[in-house]
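The values are calculated or read from the model by the stated rules, or taken from the named source; none is laboratory data. In this text the structure is predicted, and so the values were computed from the model without any measurement. Counting neighbours? That spans all protein chains shown, and the Cβs are built from the backbone with ideal geometry, glycine included. Keep in mind that these areas ignore ligands, DNA and RNA; they rest on the heavy atoms of the full protein, side chains included. Shrake-Rupley method; radii C 1.70, N 1.55, O 1.52, S 1.80 Å.
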Amino acid sequence: MRRRNALAKGFKASLSITERAPDRSALAKCYVLRNITHMDSVPIPCDTESVENDRRWLVDHGRQDDDSLVDPFGRQVTYLRVSVTDRCDFRCVYCMSEDMTFLPKSDVLTLEELDRICSAFVSRGVRKLRMTGGEPLVRRDVMQLFHRLGRHLNSGHLDELTLTTNGSQLGKYSVDLYAAGVRRINVSLDTLDPEKFRAITRRGDLSQVLDGIRTAKDAGHQIKINTVALRGVNDNELDSLLRWCGDEGLDLTLIETMPMGEIDEDRTGRYLPLSMVRADLQERWTLDESDYQTGGPSRYVTIRETGQRLGFITPLSHNFCESCNRVRLTCTGTLYMCLGQEDAADLRSPLRLAPEDDELLLASIDEAIGRKPKGHDFVIDRRHKGPAVPRHMSVTGG
């Protein structure tokens, strides 16, 4: 990001020595070309003819013949996760520091800008949008975004508009979410013990979350519980969570903790490989293999005793990179092609520099997908005490 900011400053400075500044759209094209070619020391001409030639090259070389988004490894990108805010009303110990510094509002995309980027992805073959955060439902007027995006469901260009939430605001927004077209909601919930819940979230109220889940079910939503498996924290109550989900008619997905961002404790002591968890659960539950898929990374089994599904997301013990079909957009307009890599594309600049030029935005997306890596490099062990990537999950979109 520091390098990109330097490029932007250098580009702005170069304008002062040009005899005739190109129009705003041409400036945006120059900026994007600087951003993607990585030629920091090579001046890029910004005359009208050069800009048009480079623009055509960018579009022609970045776009697939059928307008789909396909990465260098032949994987089609059909799933966009969007962090609508980095803010959250919880401070979960594995996700955030207790004293977080949040982004200034001027850095955050407007709801209209988020709609525009999401719509651009839909036009290029993305079939699933998931709104995340932070906690997405704490963003002011966020329901306007859900209702806008719902038009793509009505047109048939989008299969699913979904949400990941901590559940604290479901009591307030469940009915409106259903009206916007949301049908499935993932709720992050790591324990059913009120005191432990307060300790993990540092400020959450378990009863408020459970009430919100019931309200969402009553509104017609299909709820899935996401639980981060933490050694020495909730590993002794996974059976209780399975029973509760069975009684409530909820699916459950277990997730390995991910080494993202500096937190207030060493993750090594909390990491619990889900291969061990599954082996332990199989001693008491019958886990039948399932081909059920949601478009995400979870691998599912069906629990014969409850009839509900149990998913496993294993970014460390058994990564899911070979079938990765997703990219992540932050609330600042940064596109991460891989959760566990730092390479990213700045979509905010072309968005704001060329407000009427979607072709430029689409070309920027195409180029970014062309840099999607084969996989991530997550590691948690005693030799790697620091995070694999410095950004917190709340910034990337959990």
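Quick notes on this structure:
- A179-S68 FRET efficiency (beta carbon distance; Förster radius 41 Å; 0.05 resolution): 0.85
- Accessible area of region 116-164 belonging to carbon and sulfur atoms, whole % at 1.4 Å probe: 45 percent
- Residue-normalised accessible area of region 322-364, given per residue in Å² at a 1.4 Å probe: 30 Å²
- At R0 = 51 Å, FRET efficiency that the Cβ-Cβ distance of A279 and D358 yields, to 0.05: 0.50
- Chain lengthening between R140 and Y292 when straightened (0.36 nm per residue, less Cα-Cα): 51.2 nm
- By a 1.4 Å probe calculation restricted to protein chains, Y94 has an accessible surface near 40 Å², given to the nearest 10.
- Once the Cβ-Cβ distance of D343 and T110 is raised to the sixth power relative to R0 = 22 Å, the FRET efficiency obtained is 0.30.
- For region 69-220, the C-alpha radius of gyration divided by 2.2 N^0.38 Å, with N the number of residues, is 1.10.
- Remark on S188: its backbone amide H falls under 5 Å from those of T165, N166, G167, N226, a criterion applied only to residues 5 or more positions apart or on other chains, H modelled at 1.01 Å from N.
- Modelled spin-label separation between K196 and R304, with each label point placed 7 Å from Cα along the Cα-to-Cβ direction: 2.7 nm.
- In terms of distances greater than 23 angstrom between alpha carbons, the cross-link table entries K196/K224; K128/K224; K172/K217; K105/K224; K224/K372; K128/K196 yield K105/K224; K224/K372; K128/K196.
- Label point distance in nm, F102-D239, each placed 7 Å from Cα along Cα→Cβ: 4.1 nm
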